[in-house]
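Undergrad: Okay, here's the structure, questions in a sec.
The values are calculated or read from the model by the stated rules, or taken from the named source; none is laboratory data. Predicted model, so just to flag it, every value in this text is computed and none were measured. A quick note on method: Cβ atoms are made from the backbone with ideal geometry, for glycine too, and the neighbour counts reach across all protein chains shown.
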Amino acid sequence: MDTLEINKILSGVLGAALVLMLLNWVSSEIYGTADHGDHHHDHLAFEIELPETGEEEMVVADAGPTIHEALQEFVGVEIGDNVFRACSACHKLEDGANGTGPYLYNVVGRDIASAEGYSFSSALMEIEGAWTADALDGFLESPRNWAPGTAMAYNGMRDVEDRAEMIAYLAQVSGQNIEDFIMVTEASAEVPAEDAMAEETMAEGEELPAAGDERETVSAADPDMTENTAAGTDDVVITEEPVTTAPEAAPEAEDANTVDEEASELIEETNAEAAAAEEAAAAEAAAAEEAAAAAAAEEAAAAEAAAAEAAAAEEAAAAAAAEEAAAAAAEEAAAAESEAASLLADAGDAVESAVEEVTEAAGEAVEAVEEAVTGAGVPAFMETADASNGEGLFRACRACHVLDEGVNRTGPSLYNIVGREIGAIEGFRYSSAMAEKGGVWDYESLDGFLAAPRDWLPGTRMGYAGMRDQQDRADLIAYLESAGQ
C-alpha cells in the first residue's frame, strides 16, 4: 500500500467524523432539550389532572351454581351421546371393556380406581372413597389439580353445566337414577362472608364519577394556557398565549375508532381460527372413528371365519367319535343283553320287593314335604305382595338381568332366584364378597339386598342404589318367584 492510498483512507475517516459532528450539532439545535437560561424545561408541555375516584370499586363475582344444583336440570331429561364424543377416544361404556382408560359403566357411585382389569396410576390408587357427584365434578374440571400425578391427559371441563350433563349421561347409560346422587344443602345457597364484606365496602365507599361527567384540567407551560372540556363530549378547546422562548408541539390524539376496529378484526380472526381448528379436530375424530369401525369389522369377519372353521373341525371330530362310540355301545349292548337274559329269571322276586320298598319310601317323603310346606311361614311383609305390580318394577332391573334360565348379562340370571343358593349361578363371575357370602336367597335376604345392596353386602359390584319402599320390594320378590315357577 503506497502513501496515496493511506492518505485517501485517512481523509475519508476524518471527513466522516466531521459530517457526524455537524449533524449532531444541527439536531441538537433543532430538537435539543438543554437549558436555555429560563425555566421552560422544568415543566411538561401539558399537565392533566384526573378527578379523584375515591375508594376502588370492588366487583363481587357470582359463584355460579353448584354441581348438585346443575344436576337438577337433567333429572328426567334424555341426554344424547354427543356429550360423550370427546371421551370415547379413551373410554368405553360397556361393563368391563377397558381401553386406554377404564370402562365408565356404573362409574357414578363406584369406588375410585376399582375397575377390574385396569392398571390405575398411584395417584388414583391412593384416593379413598367413591365417585360421587362432587368427586366427578372436581376430576372433570381439572384432573391434574384434583388428583396430582394422574395419568389422565385431559385438560378439564370448565363449565359446571357441561360437567353436570356428562355426569347425568354416565348415570343414564348405566341405568341409574341421577336423583340418587344429588344432595342440595342450604350451605350451597349462602353468600360467602368475604362477598358480603365486599358489598358493604362498596355501599360505604365514595361514588365514582360517571363517564359522561368527567372533566380534564390542562395547564401548559404558560399559566395563561387553559383547556376546557365540555361535559359528556370528547371535544377539547385550547386557548393559548404566544410563547416566545421555544416552540412546543401538542401531541396528536390517537384515533380510538381505528383501535376498536383493529381489535374487532383481531377478535373475528381469532374466532375464525378457533372455529376452523374445531372443525378440523372434529373431522379428524370422525375419520379416526371410521377407521376404528372398519378395523373392528375386519377383525369380526376374521373371527367369524375362524369360528366357522373350528366348528366344522369339531363337527367332524364329533362324528368320528360318535361312530366309534356307537360301535362300542353295540358290542356292549349285545353282551349286556345276553347277561341280562340270564339274570332276569333270578331278578323277578327282588324287583317286586324293591318296588314295594321304594313305594313306601316315596309316600313317606311326600308326607314329610307336605308337612314342611304346611308348617313354613311367610314373613309379614310378603303377605300383601302383588306380583303384577312387581312386573312393572322389574323394568329397572332389565338393564342388567333377565328371567331366562341360564342366561347371564351384566348381572346373573334371576330365574328361580327365590330359594336358590347365593352366588351359585355357573358361568357368572361374582364379586369376592358375593362368592363368600353363603346361604340362600330367601325372602329376608332378598328384601335386605334390594333395600341397600352396598350396606347389606359391602364390596358388591352391584351399581343399583337400592329400593326404599318395602312394599315395592315385596311386590318385586313376588314377581320373581312367580316368573320362576
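Undergrad: Quickly run through the stretch 170-197 and pick out the residues that are buried (at least 16 other Cβ atoms within 10 Å of the Cβ) and either in contact with a Phe, Trp or Tyr (Cβ under 6 Å, 6 or more places away or on another chain) or at pLDDT below 50 (or both).
TA: From the stretch 170-197, those buried (at least 16 other Cβ atoms within 10 Å of the Cβ) are 170-176, 178, 181-182; that's our starting set.
Matches in the stretch 170-197: SER174 only.
Undergrad: Okay, moving on. List the number of the failed condition for TYR443; all other conditions in (1) over 26 Å from ILE112 (Cβ atoms); (2) surrounded by 14 or more Cβ atoms within 10 Å (Cβ to Cβ); (3) touching a Gly at 6+ places or on another chain (Cβ under 9 Å) hold.
TA: TYR443 satisfies all of (1) over 26 Å from ILE112 (Cβ atoms); (2) surrounded by 14 or more Cβ atoms within 10 Å (Cβ to Cβ); (3) touching a Gly at 6+ places or on another chain (Cβ under 9 Å) except (3).
Undergrad: If you don't mind, there's one more thing I want to ask. Just the residues that are under 13 Å from the mean Cα position of the chain (by Cα), surrounded by fewer than 18 Cβ atoms within 10 Å (Cβ to Cβ) and among the charged types (D, E, K, R), please, taken from the stretch 113-168.
TA: Selection gives ASP134, GLU141, ARG158, ASP159, GLU161, ASP162.
Undergrad: Hey, any hits in the stretch 400-411 for a residue that's touching a helix residue (DSSP H, G or I) at 6+ places or on another chain (Cβ under 9 Å) and over 25 Å from VAL173 (Cβ atoms)?
TA: Start the filter on the stretch 400-411 by keeping residues that are touching a helix residue (DSSP H, G or I) at 6+ places or on another chain (Cβ under 9 Å), which leaves 401, 403, 411.
Still in the list and also over 25 Å from VAL173 (Cβ atoms): none.
No, the stretch 400-411 has no match at all.
Undergrad: Then there's this: Please determine, by comparing only the residues of the stretch 153-166 that are of a type in the set (A, V, I, L, M, F, W, C) and out of contact with any Phe, Trp or Tyr (no Cβ under 8 Å at 6 or more places or on another chain), which one is modelled with the lowest pLDDT.
TA: Per the criteria, the residue is ALA153.
Undergrad: Please give the number of the condition TRP146 fails out of (1) modelled with pLDDT under 90; (2) over 14 Å from ILE67 (Cα atoms).
TA: It fails just one condition, (1).
Undergrad: Considering each of ALA345, ALA336, ALA297, ALA340 in turn, give the residue that is at pLDDT 80 or above, assigned to a helix (DSSP H, G or I) and not assigned by TED's automatic domain parsing to the domain that holds ALA86. Spell out the reasoning first.
TA: Details: ALA345 fails: at pLDDT 80 or above; ALA336 fails: at pLDDT 80 or above; ALA340 fails: at pLDDT 80 or above.
Of ALA345, ALA336, ALA297, ALA340, the one residue that is at pLDDT 80 or above, assigned to a helix (DSSP H, G or I) and not assigned by TED's automatic domain parsing to the domain that holds ALA86 is ALA297.
Undergrad: While we're here: Out of curiosity, is ALA301 more than 30 Å from the chain's Cα centre (by Cα) and free of Cβ contacts under 8 Å to residues at least 60 places away in the same chain? Steps first, please.
TA: On the way: more than 30 Å from the chain's Cα centre (by Cα): yes; free of Cβ contacts under 8 Å to residues at least 60 places away in the same chain: yes.
Judged against the criteria, ALA301 is a match.
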